[in-house]
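Here's the structure we're looking at; comments come further down.
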Amino acid sequence: MKLSSIIQLAAASSTLVMMLAAAPVSADENKLQELKDQGFARVAIANEPPFTAVAADGKVSGAAPDVAREVFKRLGINEIVASISEYGAMIPGLQAHRHDVITAGLFMKPERCAAVAYSEPILCDAEALLVKKGNPMGFKSYADIAKNPDARIGAPGGGTEEKLALDAGVPRDRVIVVPDGQSGLKMLQDGRIDAYSLPVLSINDLVKKANDPNLEVVAPVVGAPVYCDGAAFHKDDVALRDAFDVELKKLKESGEFAKIIEPYGFSAAAAMSTSRDKLCAAK
Ligand code: 6CS
């Protein structure tokens with residue numbers, strides 16, 4: 001090869017190397033840096049203990065924000081700033097960039113997995129029904145509620161329990177959207193609904209605080225799956241999600257993950273025994 005050609009080739013390849021070196025970091029990789037510069041991550045929560053909770057002084061706790069806070073700290077993002085949202089509004093809020101991540105016990109299901117970038121599993125739980133003492137209508141499943149034309153069930157708007165009831169055949173006008181646990185409890189006590197459905201740990205927390213002997217918990221709801229949540233990121237923020245997963249894995253392996261979630265009643269083993277891929281594929 002002539003010397004002049006070798007020189008041209010060398011010049012071309014060094015230009016190429018310089019172009020690649022200067023290539024801008026993709027928007028995806030930038031998101032982590034953006035949050036580090038911002039100093040906090042904006043998280044969507046529901047205020048449904050023990051998954052998520054906001055105290056009277058505004059302090060945010062609950063297993064999901066506590067795990068997220070610890071993981072983000074290890075990523076160099078020292079604070080989380082929470083906003084309360086209805087479950088059905090969380091994904092649209094994330095897609096509209098009003099939140100950086102959903103850390104609320106938003107259970108992984110195929111349709112949600114298609115809309116967000118979930119982390120690996122964090123909090124798992126079965127479903128429960130809160131009913132009057134003695135379970136007078138004999139509910140064991142959502143199908144039982146469907147079969148009784150007088151039965152009304154309360155559930156979070158856009159939540160898993162609302163969809164399970166509708167899918168079991170409960171007509172829309174007998175599935176009552178309930179904004180929060182206290183409202184659901186009151187509606188049941190006042191006889192405006194005949195069952196209130198949330199995950200088992202949420203119902204148990206509500207009953208413990210209600211101190212009402214006329215309540216009974218039906219758990220688990222027969223035929224309903226055990227679900228697990230993950231932190232849910234915008235579809236464009238896969239690099240941030242992957243960085244979150246690296247630190248979440250270390251937390252799980254060190255035993256610190258269990259130390260955070262098990263005092264709330266969650267099982268670290270349950271989350272570590274499954275995966276995002278399995279949960280997102282589940283029917
Ligand atoms: O993911 C959901 O839709 C459900 N997750 C929790 C923690 N509570 C109720 C909600 O429907």
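Values quoted throughout were computed directly from the atomic coordinates according to the rules given, and no laboratory measurement underlies them. It should be emphasised that the depicted structure is a prediction, and the values quoted were computed from it without experimental measurement. Backbone-built Cβ (ideal geometry, glycine too); neighbour counts: all protein chains shown.
What does the net charge come to around VAL221 if you take all other residues with beta carbon closer than 9 Å to its beta carbon, with K and R at +1 and D and E at -1? List each step's numbers first, then the result.
Values: positive: LYS140; negative: GLU127, GLU161.
Once all neighbours under 9 Å are counted, the net charge is -1.
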Check: Quick one: if you stick a label point 7 Å off each Cα along the C-beta vector at LYS249 and LYS208, how many nm between them?
Finding: 3.3 nm
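How many percent of DSSP beta bridges within the stretch 106-213 run antiparallel, rounded to 5?
Details: 4 of 9 bridges.
Taking every DSSP beta bridge within the stretch 106-213, about 45 percent pair in antiparallel fashion.
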Note to self: What distance in nm lies between label points placed 7 Å from Cα along the C-beta direction at LYS163 and VAL177?
What the structure shows: 1.6 nm
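In nm, what is the difference between 0.36 nm times the number of residues separating SER83 and LYS132 and their Cα-Cα distance?
Details: separation 49, 0.36 × 49 = 17.64 nm, distance 3.25 nm.
14.4 nm is the gain from fully extending SER83 to LYS132.
So what's the back-of-envelope 222 nm ellipticity for the chain, counting only DSSP H runs of four-plus at -39500 (n - 2.57) apiece and dividing by all residues, rounded to 500? It would help to have the intermediate numbers written out before the result.
Numbers: 13 runs with 124 residues, N = 283.
So the calculated ellipticity at 222 nm is -12500 deg cm²/dmol.
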Check: Helix 200-210 versus the longest principal axis of the chain: what angle, 0 to 90°, nearest 10, using Cα atoms?
Finding: 50 degrees
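Going from the alpha-carbon gyration tensor of the stretch 159-209, what semi-axes, largest first and in whole Å, does one get by taking the root of 5 times each eigenvalue?
The three semi-axes for the stretch 159-209 are 19, 13, 8 Å.
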Notebook entry, point to check: Given 10 °C and 1.306 mPa s, how large is the Stokes-Einstein diffusion coefficient of the stretch 129-283 in µm²/s, with Rh as the Kirkwood radius over Cα pairs?
Noted result: 92 µm²/s
Checklist line | Sorted by Cβ neighbour density within 10 Å, fewest at the top, the residues ILE91, ILE84 | finding: ILE84, ILE91
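Report Rg(Cα)/(2.2 N^0.38 Å) for the stretch 66-196, keeping two decimals.
1.22
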Notebook entry, point to check: Label GLU34 and LYS278 with points 7 Å out from Cα along Cα→Cβ: what is the distance between them in nm?
Noted result: 3.4 nm
Check: Looking at SER275, ALA210, GLY255, which one has the Cα that reaches farthest to the positive end of the dipole of the stretch 202-283 (charges on Cβ: Lys, Arg +1; Asp, Glu -1)?
Finding: SER275
Checklist line | Set of the stretch 260-283 residues, backbone N closer than 12 Å to the point 7 Å along the Cα-Cβ line of LYS109 | finding: 283
Notebook entry, point to check: In whole percent, what relative contact order does the chain give with Cα contacts below 8 Å and a gap of six or more residues?
Noted result: 27 percent
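Return the FRET efficiency for the residue pair GLU70, LYS147: r is the Cβ-Cβ distance, R0 is 51 Å, and the value is rounded to the nearest 0.05. Mind showing how you got there, number by number?
On the way: r = 45 Å, r/R0 = 0.88.
For GLU70 and LYS147, the calculated efficiency is 0.70.
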Margin query: With a 10 Å cut-off between alpha carbons and a GNM built on the chain, which of ALA104, ALA115, ALA46 moves the most?
Written below: ALA115
Item checked: Environment charge at LYS73 (Cβ cut-off 14 Å; Lys +1, Arg +1, Asp -1, Glu -1) -> -1
Item checked: For the chain: span of alpha carbons on each principal axis (Å, largest first) -> 94, 38, 32
Margin query: Over the chain, with a Gaussian network built from C-alpha contacts below 10 Å, which listed residue (CYS113, CYS228, CYS124) shows the highest mean-square fluctuation?
Written below: CYS113
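Only Lys, Arg, Asp and Glu count, each charged at its Cβ (+1, +1, -1, -1), so figure out the dipole size of the chain about its Cα centre, rounded to 20 debye. Mind showing how you got there, number by number?
On the way: 32 positive and 37 negative charges, 54 e Å.
I would put it at about 260 debye.
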